[in-house]
1. Which one of these is more than 30 Å from residue B:69 (Cα to Cα) and under 24 Å from the mean Cα position of the chain (by Cα): A:335, A:309, A:272?
2. Filter region B:58-79 for residues that are surrounded by 11 or more Cβ atoms within 10 Å (Cβ to Cβ) and within 14 Å of chain A (Cβ to nearest Cβ); which is nearest to residue B:244 (Cα to Cα)?
3. In region A:269-295, what residues are more than 7 Å from chain B (Cβ to nearest Cβ) and over 16 Å from residue A:225 (Cβ atoms)?
4. Among the candidates A:322, A:306, single out the residue that is at pLDDT below 90, out of contact with any strand residue (DSSP E or B) (no Cβ under 6 Å at 6 or more places or on another chain) and within 7 Å of chain B (Cβ to nearest Cβ).
5. Is it true that residue A:41 is surrounded by 20 or more Cβ atoms within 10 Å (Cβ to Cβ) and in contact with a strand residue (DSSP E or B) (Cβ under 9 Å, 6 or more places away or on another chain)?
6. Check whether at least one residue in region B:294-307 is more than 18 Å from the chain's Cα centre (by Cα) and touching a residue at least 12 places away in the same chain (Cβ under 8 Å), and report yes or no.
7. Does residue B:324 meet the test of being surrounded by fewer than 24 Cβ atoms within 10 Å (Cβ to Cβ), in contact with a strand residue (DSSP E or B) (Cβ under 8 Å, 6 or more places away or on another chain) and in the same structural domain as residue B:403 (by TED's automatic domain parsing)?
8. Give, as residue ranges, the strands (runs of 3 or more DSSP E) completely inside region B:351-408 that count at least 2 residues that are under 22 Å from the mean Cα position of the chain (by Cα) and within 7 Å of chain A (Cβ to nearest Cβ).
């Protein structure tokens with residue numbers, strides 16, 4: 001049984017807030033999972049060590065899994081490769097993960113993948129993780145991504161978990177000159193969910209666009225660490241997160257824009273919007289901007305809490321009761337992100353799940 | 001054709017950087033041992049409870065780990081710090097004439113007696129480890145306002161009041177340097193404002209550390225009863241030495257029901273100073289704390305005034321500016337804990353980094369379950385003057401009720417070339433144009449200060465910006 005420390009942000013805050021790292025206790029490795037694959041013909045498939053990239057959850061999950069080989073998918077140079085689909089369906093493992101490290105904690109079933117986009121290539125990749133109805137357990141998925149020179153990756157990451165399934169997702173990415181990563185992330189359900197994404201904008205004029213939507217309810221616990229590391233000149237990032245917390249849900253978002261020395265002309269923008277639905281929820285946010293260069297811009301904005309009173313008044317005057325207004329607005333937040341996903345099949349799937 | 005910028009000159013600090021031969025009559029050995037703490041306690045003629053408190057705090061200091069999140073304080077070696085230095089003066093004087101000539105000259109140069117005559121209701125002046133001067137205007141004292149050194153108050157009629165408040169807001173277990181303060185504190189002020197009394201003109205304490213390699217650990221305790229008003233100003237400076245000095249003061253503010261306290265600080269310690277200060281206010285129902293903070297000096301700062309909004313409708317405002325230059329790592333900000341319904345907090349800060357300086361804005365807003373209907377807005381803006389410097393913002397929010405409205409915005413950027421060009425096209429030289437823009441950037445603080453202090457702050461900015469193009 002091992003303990004894992006993960007989701008450590010690049011800069012720490014006060015110790016008494018307990019936000020500087022998260023710890024998973026009582027872990028043991030389980031079986032390697034196999035995804036359902038839809039692989040376009042222009043994608044080459046390999047099995048190779050995970051590329052050495054800084055990741056959002058940090059180095060411990062990879063070390064815990066013994067530096068595994070990854071399922072590798074390569075988009076060939078100057079090729080429009082269409083859509084790659086990878087779906088993991090998680091079954092019941094007989095126990096619910098206990099963060100205090102119970103002896104009968106379930107084993108962590110896991111997998112690892114890598115995406116390599118060669119120069120000038122384009123790919124849409126849909127990564128979908130879901131659990132079976134009523135399933136209990138713990139899963140872990142590692143991903144590493146290289147976006148080559150002037151390549152474009154539209155990465156759609158979907159998580160649909162039942163209330164007894166816990167999960168760790170750890171992504172590390174690097175963009176070369178002119179490379180662009182457009183990432184859509186939808187997080188629905190789960191017991192204890194740890195989501196780490198770190199993107200290094202290494203090449204000049206590379207870009208990272210992140211659009212995250214989440215809904216946490218019951219006793220759900222969502223713990224996120226997102227980083228955009230700017231090394232290249234004139235790099236740009238936009239990191240948006242929009243979410244809804246209900247019942248006794250807990251959510252922690254650490255978001256860092258790291259504008260490193262030498263990234264002249266870089267711009268970073270981060271926006272967070274959290275709707276708190278019930279008295280028992282708890283929201284923690286740590287939006288960090290680190291700046292080591294003069295010729296840059298970094299902006300962050302956050303809005304956390306209830307619906308605007310003027311909006312409430314307006315909708316109430318149209319005959320909607322309070323509960324109805326909150327339900328409508330919560331759904332609208334998620335759908336706004338879902339509808340921007342650049343894959344029609346995924347949009348339909350998620351809108352169906354969201355009750356449309 | 002303009003020359004490419006190659007360096008940024010450092011500030012001329014000679015105004016603050018004068019010193020006199022040390023004529024202290026008494027100092028303890030350097031380092032931190034139970035024997036030294038007991039020696040300080042004997043020297044201060046502590047009551048028994050205070051002596052025990054000091055020793056317990058020392059134990060906590062040794063047991064508590066260093067923080068893992070702030071600037072490095074590896075250059076601070078407690079074994080080299082002298083924790084108590086008594087200057088060559090009577091413990092406390094109420095007339096400047098009784099203050100020894102060199103110490104009086106120090107405060108004359110800093111403009112304290114003149115400010116007292118012109119614009120203050122009372123002044124306290126600390127030199128190294130002791131208050132050497134304290135005075136309050138008769139008409140203010142006649143209202144029942146108490147403004148004295150804390151040791152006198154401890155032994156006098158307010159002894160029980162002090163015992164029931166001393167390090168209750170900032171317990172020694174709070175962090176390592178709160179524990180250090182509890183062990184070796186010396187000097188500082190006690191202010192008591194009775195219910196309904198409004199002190200119309202400010203009181204000021206000024207702290208001067210003259211001795212090389214010494215620490216200053218003054219304790220400020222202010223109690224405002226219901227409906228009272230006070231503006232308290234704190235200033236501090238020291239000459240520069242090539243050994244580390246340490247400031248680990250503690251400020252505890254009790255703001256009663258519907259009372260308002262404004263606490264203004266212009267901190268200008270020398271650049272060998274480790275400024276590890278702790279400030280905290282507890283605000284009761286309908287009360288308000290207003291922090292105004294200008295941080296210009298010290299080598300390393302950890303400074304985050306904290307407001308605990310304990311009563312319904314309590315409010316907190318924090319307005320701050322931090323200016324970090326060469327050899328400076330200034331980690332500043334604030335903390336707010338909302339513990340009662342309908343409380344509100346407003347934070348507005350500016351940071352400026354130049355010449356390799358590092359400024360970090362660090363904050364925490366905690367809204368607890370009981371604080372329904374509370375609001376908080378945090379705005380922090382940072383300006384980078386060159387590419388050798390750093391500016392970071394590390395805010396944190398912990399919201400435990402859905403009945404709250406929390407807003408946060410942060411922005412980091414550079415001086416706008418367009419704004420400089422506009423001013424230059426109006427005949428203003430580039431250096432002056434940049435200084436003007438930076439002064440405007442810091443106006444959120446200067447406009448909250450009394451005129452004399454706003455002028456001093458703007459002069460500091462002008463000095464800091466001198467040579468900012470080259």
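1. When all the criteria are applied, what remains is A:335.
2. The qualifying residue nearest to residue B:244 (Cα to Cα) is B:71.
3. Selection gives A:269, A:271, A:273, A:274, A:275, A:280.
4. Numbers: A:322 fails: within 7 Å of chain B (Cβ to nearest Cβ).
The unique qualifying residue is A:306.
5. The answer is no for residue A:41.
6. Within region B:294-307 (the criterion being more than 18 Å from the chain's Cα centre (by Cα) and touching a residue at least 12 places away in the same chain (Cβ under 8 Å)), the answer is no, since none of the residues qualifies.
7. No, not satisfied.
8. Passing ranges, in order: B:358-367, B:390-399.
The values are calculated or read from the model by the stated rules, or taken from the named source; none is laboratory data. Quantities reported herein were computed from a predicted structural model and do not represent experimental measurements. Ideal geometry is used to build each Cβ from the backbone, glycine not excepted, and the neighbour counts take in all protein chains shown.
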